[in-house]
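Comments concern the structure below.
Please treat every number below as a calculation from the coordinates, not as lab data. In this text, all values refer to a predicted model and were calculated from it rather than measured experimentally. As a convention, Cβ positions derive from the backbone with ideal geometry for all residues, glycine included, and neighbour counts pool all protein chains shown.
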Amino acid sequence: MIIDDGELRCINCGSRFEPDPYLFNCKKCNGLLEYNKDLHINWSEIASRTTRVWKYRELLPRIENPISLDEGGTPMIRSNIFKNAFIKFEGANPTGSFKDRGMTVAISVAKESGAKSVIVASTGNTASSAAAYAARAGLNCYIFLPMNSVAKGKLAQVALHGAKIFEIEGNFDDALKIVMELTKEKKLYPLNSFNPWRLEGQKTISFEIFDQLGIPDWVIVPVGNAGNISAIWKGFKELKQLGLTDKLPKMIGVQAEGSAPIANAWLSNQSSPKFIDSPITVATAIRIGKPVNWPKAWNTVKESKGTFLTVSDEEILEAQKLLARIDGIGSEPAGAASMAGLRKLIDQGLIKNDEKVVLIVTGHALKDPESAMQDFNITKIRKDEKIIL
Ligand code: F0G
């Protein structure tokens, strides 16, 4: 068992529970759980440590020997497109997405609690990350993917790391339902973002933003299953609780138009999302119709006085191209949704040019080579043919 000094708290009814690694929903009301512990850290003392997830170990679940690939410590790059926009390039993580930050914690918890096998439903990136970290931990890894929807680079990673792959008839939400069924017996450890331990690792994005830039006015995050935006917000709130800042950023969640249950509800003043049975978008990573963590994301945007918005596939692909061709940053479509969102919000006048914005670019271009190769020409040159540049 994990020797941990934290607790799990229901975000719905506030009930508190021992830090049981297999508890994912409130025993009283079935609400989502959040991991919490007493926060103590001396920020100037840790300044000499290399920036990566475990730099902030005092604020994370207590793990004796983390299974780590030195994740985190990703670049913060000033954009050429908007001078006050900074790109937190999560594609620079070991398996090419922010998922590695959570995976180092979740896989370590799985290992320390004695699990032999892990299981996850995924649109691709969680699968790549789980497969790599499970390999490193010596755990069996079972991956459940939506049929014909996962980008090639992600599939290649899962295959290379030797996970057992199931492609199920249906979409991500159907795959997640299967995973939830299969984990009821507590023989397989689930790595999806209903796992509050995993989200703890992801909150280190905020700690790094604070270290690299201070607290921005806005943070823009692509939203799928809605875990990451809430993890990032939790990180910022903890910096405030620690007395390190008074200021908090406003959080913006971007969803793709055809997969936007949360943003649609927010924008039409509903009190909860109407789930979508057949989500669709070119940004396959965020092609999700029933986001499990929507209540956490909803609270995030409400508390921070931010907003949700939708962007079209055309806007996503245009932003992906701009990031690549003006900023030199290669993003998969879902990652570029944050830039698409910023362009829209500047046009709408919600974000002013002089405000500091951090865009979370969540995944690397090589994850989805087909989307990266939509707009290019190759000039074939025969032997002895004159080359015209
Ligand atoms: N961006 C990328 C590149 C992702 O892979 C995901 C989620 C998100 C954004 C959204 O994050 O779900 O926390 O709101 N991908 C998951 C997966 C669903 O299975 O890889 P979220």
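Which percentage, to the nearest 5, of the DSSP beta bridges contained in the chain is antiparallel?
In the chain, approximately 30 percent of DSSP beta bridges are antiparallel ones.
Just to verify a number: FRET efficiency for Arg49 and Glu318, C-beta to C-beta distance, R0 = 35 Å, to 0.05?
So, using R0 = 35 Å, E works out to roughly 0.35.
Give me the net charge of Tyr56's neighbourhood, meaning all other residues with Cβ under 13 Å from the Cβ of Tyr56; Lys, Arg count +1, Asp, Glu -1. Don't skip to the end; give the middle numbers.
Values: positive: Lys37, Arg49, Arg52, Lys55, Arg57, Arg62, Arg101, Lys203, Lys234; negative: Glu45, Glu58, Glu71, Glu200, Glu208, Asp211, Glu238.
The answer is +2.
From the helices alone, meaning DSSP H stretches of at least four residues, give me the mean residue ellipticity at 222 nm for the chain, per-run term -39500 (n - 2.57), in deg cm²/dmol to the nearest 500.
Details: 13 runs with 135 residues, N = 389.
It comes out at -10500 deg cm²/dmol, rounded to the nearest 500.
If you restrict to DSSP beta bridges whose two residues both lie in the stretch 60-172, what percentage is antiparallel, to the nearest 5?
Here the antiparallel bridges make up roughly 25 percent for the stretch 60-172.
By how many nm would the segment from Lys184 to Lys386 grow when fully extended, if each residue of separation counts as 0.36 nm and the alpha-carbon distance is taken off?
So the extension gain works out to 66.1 nm.
In the neighborhood of Ile168, defined by Cβ-to-Cβ distances under 14 Å, what is the net charge if each Lys or Arg adds +1 and each Asp or Glu adds -1?
Numbers: positive: Lys164, Lys177; negative: Glu167, Glu169, Asp173, Asp174, Glu181.
Result for the neighbourhood of Ile168: -3.
Using Cα pairs under 8 angstrom and six or more residues apart, how large is the relative contact order of the chain, in percent?
Numbers: 824 pairs, mean separation 64.0, N = 389.
Here the relative contact order equals 16 percent.
Looking at the square roots a ≥ b ≥ c of the eigenvalues of the Cα gyration tensor of the stretch 99-196, which shape do they give, rounded for a/c under 1.5, prolate if a/b is larger than b/c, or oblate?
Numbers: a/c = 1.75, a/b = 1.23, b/c = 1.41.
Oblate is the answer for the stretch 99-196, as a/c is 1.5 or above yet b/c matches or exceeds a/b.
Relative contact order of the stretch 92-192: what whole-number percent is it, with Cα pairs under 8 angstrom and at least 6 residues apart? Mind dumping the intermediate values first?
Numbers: 172 pairs, mean separation 32.3, N = 101.
Answer for the stretch 92-192 is 32 percent.
Enter the mean projected area of the convex hull around the alpha-carbon atoms of the chain, in nm², rounded to one decimal. Let's see the in-between values first.
Values: hull surface 83.0 nm².
Value for the chain: 20.8 nm².
Report D for the stretch 1-153 in µm² per second (integer): Stokes-Einstein, Kirkwood Rh on Cα pairs, 37 °C, 0.692 mPa s.
The calculation lands on 188 µm²/s.
Rank the residues His161, His40 as a footprinting-exposure proxy: fewest other Cβ atoms within 10 Å of their Cβ go first.
On the way: His161 20, His40 8.
Neighbour counts put them in this order, fewest first: His40, His161.
Grab the beta carbon distance between Glu7 and Asn377, set R0 = 51 Å, and tell me the FRET efficiency rounded to 0.05.
The value I calculate is 0.30.
Run the dipole for the chain about the Cα centre, Lys and Arg Cβ at +1, Asp and Glu Cβ at -1, nothing else charged, and hand back the magnitude in debye, nearest 20.
Taking the Cα centre of the chain as origin, the dipole is about 160 debye.
Count charges around Ile262 for me, please; just the other residues with Cβ under 13 Å from its Cβ, Lys/Arg as +1, Asp/Glu as -1.
Numbers: positive: Lys274, Lys290, Lys296, Lys302; negative: Glu257.
Here the count lands on +3.
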